[in-house]
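The values are calculated or read from the model by the stated rules, or taken from the named source; none is laboratory data. Values in this document were obtained by computation on a predicted structure and should not be read as measured data. Positions of Cβ are generated from backbone atoms using ideal geometry, with glycine treated the same way; all protein chains shown enter the neighbour counts.
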Amino acid sequence: MPKISTLMSVYNGDRYLEKAVDSILAQTFKDFEFIIINDGSSDRSLSILENYAKQDDRIRLIDQQNSGLTKSLNKSLALSCGEFIARMDADDIAMPERFERQIEYLETHPQCVIVGSEVLQIDMDGDAICEMGISQNHKKIEAELLAGCGGAIRHPAAMMRREPLIAIGGYREKFKMTEDLDLFLRLAECGELANLPEVLLHYRLHLGSVNFTKAQQQTQEVIAVLEEAYKSRNLDVPVKLPSWRFKETKPIDSHRTWTQMALSAGNMATAKKHAFLALWQKPISRQSWQLLFRTLKP
């Protein structure tokens, strides 16, 4: 029986897939199985994964018609047999010592049911934007989750104990876009949550937009998750839940945001790149010119 079962669902992820898979296979902790579901990809993902499966017998590859992330994760969870469950996404990069450090923490902190880590946010080219600045202790993490911040623990950086994960029924498939927030809040009632302070994952931020329909669905799901979480804790549901809303994100908005994040972290080359990209999107934008000038200052 492997110590760790690593779960990854892939849908049209060929652009970054090899780096993601390589980063798991290169872990210093070797006792794991790697369950990968190709969720109906129409690009080169399946052929890439088949080549890896031929080379490493730790990979268990399942090819299926598209069913969505939550169902795929539950399917791979049912197939798993490790004492610990690690998550991974097809566009991120795990640091070599990730599993070793997380196993060490879980084995020395038996009250902890899930441990994540600090993550370095990178852009589509793999260039550093900034670290997340993630909280490390249970109370702060749970408070952030109860405020609707699913990123209090980054899903692809998480390692969980199998027993409590199975006991709560795994992922709830009614939540298609907030399955991680819902899972973490339910696990928080079984034991403690934690994040390690070191960067153990490079978390990729993609260029793109979220349409209004999806933004509405995200907001509605977050509200539903939080309402259930407050009620299960016998807490009064806040009048405004949550006070924010998901909004449409356009490419120019993403580039501006990433410019500001990179500037704050001192990653000037990344900031300059995205400032230029924002300006290219809208050359007459005063805001974009101001951002670019900030990146050009000594």
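Quick rundown of the values:
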read-out: First in segment 261-277 and touching a residue at least 24 places away in the same chain (Cβ under 8 Å) and at negative phi, second anywhere and surrounded by fewer than 24 Cβ atoms within 10 Å (Cβ to Cβ) and part of a loop (DSSP other than H, G, I, E, B), Cβ under 6 Å, 6 or more apart; value: Thr270/Asp127
read-out: Residue check, Leu61 touching a strand residue (DSSP E or B) at 6+ places or on another chain (Cβ under 9 Å) and either without any contact (Cβ under 8 Å) to a residue 12 or more places away in the chain or within 20 Å of Glu179 (Cα to Cα) (or both); value: no
read-out: Unique match (being small (Gly, Ala, Ser), closer than 26 Å to Phe34 by Cβ, assigned by TED's automatic domain parsing to the domain that holds Glu107 and surrounded by 20 or more Cβ atoms within 10 Å (Cβ to Cβ)) among Ala188, Ala158; value: Ala158
read-out: Odd one out for Val199 among (1) among the aliphatic types (A, V, I, L, M); (2) more than 17 Å from Ser232 (Cβ to Cβ); (3) free of Cβ contacts under 8 Å to residues at least 40 places away in the same chain; value: (3)
read-out: Lone unmet requirement of (1) among the polar types (S, T, N, Q); (2) surrounded by 21 or more Cβ atoms within 10 Å (Cβ to Cβ); (3) touching an Asp or Glu at 6+ places or on another chain (Cβ under 6 Å) for Ser117; value: (3)
read-out: Those helices (runs of 4 or more DSSP H) lying entirely in segment 127-198 with at least 1 residues under 16 Å from the mean Cα position of the chain (by Cα); value: 138-146, 179-187
read-out: Some residue of segment 255-276 being in a loop (DSSP other than H, G, I, E, B), loosely packed, with under 14 Cβ neighbours inside 10 Å, modelled with pLDDT under 90 and more than 22 Å from the chain's Cα centre (by Cα); value: no
read-out: Count of segment 118-147 residues which are small (Gly, Ala, Ser) and touching a residue at least 60 places away in the same chain (Cβ under 8 Å); value: 4
read-out: Matching residues, segment 159-172, being under 23 Å from Tyr230 (Cα atoms) and in contact (Cβ under 8 Å) with a residue 60 or more places away in the chain; value: Met160, Leu165, Ile166, Gly170, Tyr171, Arg172
read-out: So Ser45, is it among the hydroxyl-bearing types (Ser, Thr, Tyr), in contact with a strand residue (DSSP E or B) (Cβ under 7 Å, 6 or more places away or on another chain) and under 26 Å from Glu163 (Cβ atoms); value: no
read-out: Residue among Asn74, Asn12, Asn51 that alone is buried (at least 17 other Cβ atoms within 10 Å of the Cβ), of a type outside the set (D, E, K, R) and over 16 Å from the mean Cα position of the chain (by Cα); value: Asn74
